[in-house]
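Structure first, commentary second.
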Amino acid sequence: NAGVTQTPKFQVLKTGQSMTLQCAQDMNHNSMYWYRQDPGMGLRLIYYSASEGTTDKGEVPNGYNVSRLNKREFSLRLESAAPSQTSVYFCASSERSRSSYNEQFFGPGTRLTVL
Amino acid sequence: AQKVTQAQTEISVVEKEDVTLDCVYETRDTTYYLFWYKQPPSGELVFLIRRNSFDEQNEISGRYSWNFQKSTSSFNFTITASQVVDSAVYFCALSFFAGGTSYGKLTFGQGTILTVHP
């Protein structure tokens, strides 16, 4: 049981390049999330997917797109990377229930640098 | 709009000292959830505790304890007899229960860096 996995762990891009961050979970969770972590700002939600087939914008969606490929996988794409997107990116997942709320489980993170 | 404030940017203590991490939140929702996560130097986020807005009971788990007070919109975290392994960034977070696609949207505080010296 690997939990939430992310690839790659590190990436350096040049301004204008594109890339996709991959995330997979093996906990059969319905909901998945992408966050970015910047110094002094905590984690901010980029996009989330409440269930397979749905995605919604979070707090900071500009410059990103997502794909919920299936129940296990949720990818984040940077179409034209900018230095402002230099950050650590975390993927998370959680069970989804109408009667209670469950904690999110986080992946190890991807450290992205855009030059 | 929701907001979580962790006013303490950094705290430094010596091993065996008790330390309290403050968290103040703002929300208009009547039903919500509060969380604490730990981020050790290795970088991953580790879930510590969840509390819903209807449960103001304080909780103790080993050396950890949490004090939730709706009257002051605070959810503070205390580590008793701190250890070097407690050194980490600690995040307080808030979510709300609104059904549908609003599930699970967490608002995080800025984090408090705790350093425990031997």
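List of remarks:
- The dipole here belongs to chain B: it is taken about the Cα centre, uses +1 on the Cβ of Lys and Arg and -1 on the Cβ of Asp and Glu, and is about 320 debye.
- Rounded percent of accessible protein surface that carbon and sulfur make up, segment A:1-43, 1.4 Å probe: 52 percent
- Annotation: extensible slack from B:Glu15 through B:Tyr64 equals 16.2 nm (criterion: 0.36 nm per residue apart, minus Cα-Cα distance).
- Selected from A:Val66, A:Thr86, A:Val4, residue furthest toward positive end of dipole (chain A; charges at beta carbon): A:Thr86
- Taking every C-alpha pair closer than 8 Å and separated by at least 6 residues, the mean separation divided by the residue count of chain A gives a relative contact order of 35 percent.
- As an equivalent ellipsoid, chain B spans semi-axes of 25, 15, 12 angstrom, where each value is the square root of five times an eigenvalue of the C-alpha gyration tensor, largest first.
- Each listed q (0.26, 0.29, 0.31, 0.32 Å⁻¹) maps to a log10 I(q)/I(0) for segment B:22-69 from the Debye sum over equal C-alpha point scatterers, namely -1.11, -1.23, -1.29, -1.32.
- Only lysines eight or more places from A:Lys9 in sequence, or on another chain, were considered; those with a Cα closer than 28 Å are A:Lys57, A:Lys71, B:Lys38, B:Lys105.
- Ignoring the sites themselves, chain B has its longest run without trypsin sites (Lys or Arg not before Pro) in a DSSP loop having at most 16 other Cβ atoms within 10 Å at B:64-118.
- At 1.002 mPa s and 20 °C, Stokes diffusion of the protein assembly as shown via Kirkwood alpha-carbon radius, µm² per second: 117 µm²/s
- The string of couplings for segment A:5-10 from the Karplus curve (6.51, -1.76, 1.60, θ = phi - 60°) is 10, 10, 9, x, 8, 9 Hz, one whole number per residue in order, with x for Gly and Pro.
- Accessible surface computed residue by residue for the protein assembly as shown, with neighbouring protein chains in place and a 1.4 Å probe, gives 47 Å² per residue.
- Accessible surface buried upon A-B contact (total; probe 1.4 Å; Å², nearest 100): 2000 Å²
- Rounded FRET efficiency, nearest 0.05, which uses the C-beta distance separating A:Asn1 from B:Glu56 and R0 of 22 Å: 0.05
- All-pairs Cα distance distribution in chain A, expressed in whole percent, bin size 5 Å: 2, 13, 24, 26, 19, 10, 4, 1, 0, 0
- Threshold 10 Å² - residues in segment B:1-48 whose accessible area is reduced by that much or more when the chain is no longer isolated, probe 1.4 Å: B:Tyr33, B:Phe35, B:Tyr37, B:Gln39, B:Gly43, B:Glu44, B:Leu45, B:Phe47
- Reported to the nearest whole Å, the Cα centre-to-centre distance from segment B:53-90 to segment A:1-34 is 31.
- Using every pair of distinct Cα positions in segment B:1-52, the Kirkwood expression returns a hydrodynamic radius of 13.4 angstrom.
The values are calculated or read from the model by the stated rules, or taken from the named source; none is laboratory data. Computed from a predicted model, the values in this text were never measured in an experiment. Counting neighbours? That spans all protein chains shown, and the Cβs are built from the backbone with ideal geometry, glycine included. Please note that ligands, DNA and RNA were not included when accessible areas were found on the heavy atoms of the full protein model with its side chains. Shrake-Rupley method; radii C 1.70, N 1.55, O 1.52, S 1.80 Å.
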